[in-house]
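The values are calculated or read from the model by the stated rules, or taken from the named source; none is laboratory data. Nothing here was measured: the structure is a model prediction, and the numbers come from that model. We place every Cβ from the backbone using ideal geometry, glycine too, and count neighbours over all the protein chains shown. The protein model used for the area step is the full one, side chains on, heavy atoms only, and it has no ligands, DNA or RNA in it. Shrake-Rupley method; radii C 1.70, N 1.55, O 1.52, S 1.80 Å.
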Amino acid sequence: MSLYDSRKGCAEHRNQNESWRNMEPTESPQCMRMSLGAAMTLGFQSGQFYRNARLYCINLLLTYRTGCAARCAYCGLSGGHPGITSGKSFIRVTWPAYTLENIIQRIAERRNGVKRICISMLTHKRAVQDTGKVCMHLRSSFDIPVSLLVSPTVMVPEDLAAFRSAGADKIGVAIDLATPGLFDRYRGSVAGGPHRWETYWRCLSDAVELFGKGNAGAHFMVGMGETEKEMCEAIQRVRDMGGRTHLFSFFPETGSVMSQHPQPPMDKYRHIQLARFLIDRKVNRAESFAFNARGQIVDFGLSGDLLEEIIDLGEPFRTSGCAGYDGEVACNRPYANSRPGPGIRNFPFRPDKSDILRIRKQMIRSGHQRIRN
């Protein structure tokens, strides 16, 4: 099932997409790529979200003719692919490009439905300077909070202060991998890329210190070869620093080195989602969980009744992202890491009773803490 409820929507998107391929300017900061969901929210693209989900965050991405200098094995933009003309997907969907002026105009027209804007950097020599310019332009145009998903590899510590001066209120650091070995394998020297584990964690620590606890966080991606124990420990490390975790399920990107790599089993993702919720909300700590010899969670260290109550809330299985001024998650990324349908991994809305029943069935596995079905 596609992002759209009909094939007509997909065809319309492909036809409309041709118009931006030859547009000028073609690079940031004058031009930005935008997630397909954001383009639909602002009326640049047609289509409908499955189950009438709504996106409250406009996700923007810097773009350059030379592409991204990183070599992340799982990313559709990796390997120096050309910027806006590549047609490559990123986080499962295409990212059409528009001028920043047009984007600002559309946001101003629909600002009541936009609770946050997020700018994602590429690994590019101009990315820091251009990110600051775009952020400042957005913040001077309307009072909508702006998050930055930064690339520590091309930054120096002073850049975070410059981003704060430009108006950003939250910082995201896409560490992605739960262990230094996996990071090096898929993002670092083994992958032929420039990123380093220590650089990313240092940037996150600096961001928490400068922007304040709760205003910086890490992205992690489940399904890259880590154990549940390793992922829980990484999430706990972020929380102990004063940060939060935004959780993703691996989804194979067409054209990436890992295009044939399978998604993680649903039971693994559901258990880590629940663990993240407990850790981030300080309900319990990772060291209080029990794990088996394979590093799987077998007990969350809570009474059965309390665990059942938390699962019934549905909140642990919703998208974890930056909030708007109202305190609710704005960056809910509908269907960014799974296809629409019964197999939703991050719910962009509150799961209903039938969803909770399905989640419970997805979590059941023998020898683990009993989950009611």
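Observations on the structure shown:
- Between Asp305 and Arg202, the distance separating the two model label sites (each 7 Å from Cα on the Cα→Cβ line) works out to 5.0 nm.
- If you run the Gaussian network model on the chain, springs between alpha carbon atoms under 10 Å, then out of Gly327, Gly193, Gly76 the most flexible one is Gly327.
- Given their separation in residues at 0.36 nm each and the Cα-Cα distance between them, Ser165 and Arg110 gain 17.2 nm when the chain is fully extended.
- With Cα atoms, 0 to 90° folded angle of helix 228-241 axis to the chain main axis: 60
- Linear extension gain, Gln129 paired with Asn102, 0.36 nm per residue minus alpha-carbon span: 7.6 nm
- Note on region 147-187: percent of Cα-Cα distances in each 5 Å bin, starting at 0 and stopping at the bin with the largest distance, equals 6, 20, 25, 20, 13, 11, 5, 0.
- Note on volume of the Cα convex hull per residue in Å³: of the candidates [x] 126; [y] 156; [z] 239, the value calculated from this structure sits at [x].
- Region 332-339 - phi-based ³J(HN,Hα) in whole Hz, Karplus 6.51/-1.76/1.60, Gly and Pro as x: 9, 6, x, 6, 6, 10, 6, 6
- The long axis of helix 197-211 is offset from the longest Cα principal axis of the chain by roughly 80 degrees.
- If R0 equals 35 Å, the separation of the Cβ atoms of His137 and Gln260 corresponds to a calculated FRET efficiency of about 0.30.
- With the simple spin-label model, which puts each label point 7 Å out from Cα in the Cβ direction, the Asn292 to Leu357 separation comes to 2.7 nm.
- Rounded Å value of the spacing that divides the Cα centres of region 255-319 and region 124-185: 28
- Taking 0.36 nm per residue of separation and subtracting the Cα-Cα distance, full extension of the segment from Glu209 to Ile364 would add 51.8 nm.
- Pairs of Lys residues in the chain, spaced 8 or more positions apart or belonging to different chains, with C-alpha separations under 24 angstrom: 18 in total.
- Helical content alone sets the calculated 222 nm signal of the chain at -10000 deg cm²/dmol, taking -39,500 (n - 2.57) per DSSP H segment of four or more residues and averaging over every residue.
- The chain: angle of helix 266-280 to the longest principal axis, Cα-based, in degrees nearest 10: 90
- Computed E for Asn52/Val283 - FRET, C-beta separation, R0 41 angstrom, nearest 0.05: 0.85
- For region 287-347, the convex hull spanned by the alpha carbon atoms encloses 143 Å³ per residue.
- Accessible area in square angstrom per residue, region 102-257, 1.4 angstrom probe: 39
- Whole-percent carbon and sulfur share, accessible surface of the chain, 1.4 Å: 49
- Taking the chain as a Gaussian network of alpha-carbon nodes connected by springs under 10 Å, the highest mean-square fluctuation of the residues Gly341, Gly214, Gly324 belongs to Gly341.
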